[in-house]
Amino acid sequence: MLSRRNVRVKVMQMLYALSRDESLTNHDIDRLYWKKIEESFELLLFSLYNLIQITKVASDDGEKRKAKHLPTELDKKFTSKLWTNSMIQSLVKNKFLQAKFEKLNFSSKVDKDHFKKIYYEFAKEELYHNFFQNDTTNDEELEFLLELFRFCRKSELFNEMIEDQFANWEDDKSLIIGCIKKILKEEDKDSERSIMEHYPDKDTTKDYGEFLLKETISDDKSLLGLIDPVLENWDADRVAILDMIMIKMALVEFLHCNTIPIKVTLNEYVELAKTYSTSKSKEFVNGILDKVLKQLINEGKVVKEGRGLLEE
């Protein structure tokens with residue numbers, strides 16, 4: 001589920017926390033890192049829960065329309081298939097998923113009126129009117145559920161619902177979107193496997209992420225020794241904390257992550273600097289890494305497995 005980019009962000013956040021709080025131990029940071037990994041999976045489950053609950057309002061909408069003394073033509077044509085379609089119902093019948101929702105106590109974390117507000121805003125869309133009035137294939141229903149989720153992501157209320165519970169929503173949003181698409185497309189949505197296959201994998205979170213975290217901490221002095229000589233007129237203490245953290249992480253990847261191409265590492269940390277640090281960080285991080293990398297390559301300290309991985 002998690003990409004290396006997402007893991008890099010979590011490692012960066014842990015290293016920043018360690019630099020700001022002297023009471024934190026390395027053990028604390030490792031524990032917090034794994035908590036963040038778990039939170040990403042819980043965020044996926046929470047997003048699914050909200051989507052299911054929003055579609056469920058369609059059933060109430062249908063009952064209200066039927067109970068009208070003078071229903072409109074649109075009321076007469078209404079169907080609650082936003083809720084009754086096979087994809088949503090498979091998730092509703094997934095005992096493992098529902099048990100997860102209950103264990104994580106999602107029902108107490110959201111005001112149920114929020115689901116109604118989002119649904120009835122969506123119900124104003126002409127697109128929805130066309131959907132419930134016409135016969136649709138499974139593929140069309142899938143596309144419509146994805147359209148609903150796109151609508152949700154544009155909703156200020158939906159984003160507040162998510163962000164109130166998960167601070168990592170912005171960091172992990174793109175991956176959550178991809179996972180929900182895959183889950184809805186799954187033919188076997190009512191099994192534990194269909195959900196747990198989206199749990200963050202060991203290769204990315206442990207073999208790469210935890211290693212990157214621990215190695216950056218343990219090699220701190222030697223990494224600083226590589227950086228100091230190329231800072232020129234800059235004092236290491238004056239470098240933005242996040243910039244220094246990202247430079248050290250990139251150096252660990254150059255030196256120890258043999259299967260990650262140099263170009264990928266460079267591009268990833270320059271982009272992280274652009275997103276998470278100062279306006280000048282992108283150029284600064286890129287410049288420092290370029291200088292240190294050339295020195296490391298000249299000294300034969302960068303070893304990559306596979307053709308082309310040493311190319312800048």
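Read-outs: derived from the displayed coordinates by stated rules, not from any lab. This structure is a prediction, so every number in the text was calculated from the model and none was measured. Using ideal geometry, Cβ is built from the backbone for each residue, glycine included, and neighbour counts are taken over all protein chains shown.
Structure notes:
- Highest-first arrangement of 297-305, 29-37, where packing means the average Cβ count within 10 Å: 29-37, 297-305
- Local electrostatic count, GLU125, Cβ distance below 13 Å [Lys/Arg +1, Asp/Glu -1]: 0
- Farthest towards the positive end of the charge dipole of region 219-298, among the residues LEU296, SER279, VAL264, is the Cα of VAL264, using unit charges on the Cβ of Lys, Arg, Asp and Glu.
- Qualifying lysines (Cα of each under 29 Å from Cα of LYS304; at least 8 residues distant if same chain): LYS10, LYS202, LYS206, LYS214, LYS221, LYS248, LYS263, LYS274, LYS282, LYS291, LYS294
- Distance between region 1-45 and region 84-103 - C-alpha centres, whole angstrom: 29 Å
- In a fully extended conformation the segment linking LYS66 and VAL303 would gain 78.3 nm over its present Cα-Cα distance, using 0.36 nm per residue.
- P(r) for region 64-166, from all Cα pairs and a bin width of 10 Å, is 12, 37, 38, 13, 1 %, short bins first.
- Computed P(r) (all Cα pairs; the chain; 10 Å bins; percent): 5, 23, 26, 19, 15, 9, 3, 1, 0
- Under a model in which nothing but the beta-carbon of Lys, Arg (+1) and Asp, Glu (-1) is charged, region 4-196 shows a dipole of about 200 debye around its Cα centre.
- Relative packing of peptides 64-72, 117-125, 43-51, 285-293 - highest average C-beta neighbours within 10 Å first: 43-51, 285-293, 117-125, 64-72
- With contacts taken as Cα pairs under 8 Å at a separation of at least 6 residues, the chain carries a relative contact order of 23 percent.
- Simple rule: put +1 on each Lys or Arg Cβ and -1 on each Asp or Glu Cβ in the chain, find the dipole, and look at ILE183, MET246, THR25; the Cα lying farthest toward the positive end is ILE183.
- Angle in degrees between helix 169-185 and the longest Cα principal axis of the chain, rounded to the nearest 10: 50 degrees
- Charged-residue dipole, Cβ positions (Lys, Arg, Asp, Glu), region 219-298 about Cα centre, Debye nearest 20: 180 debye
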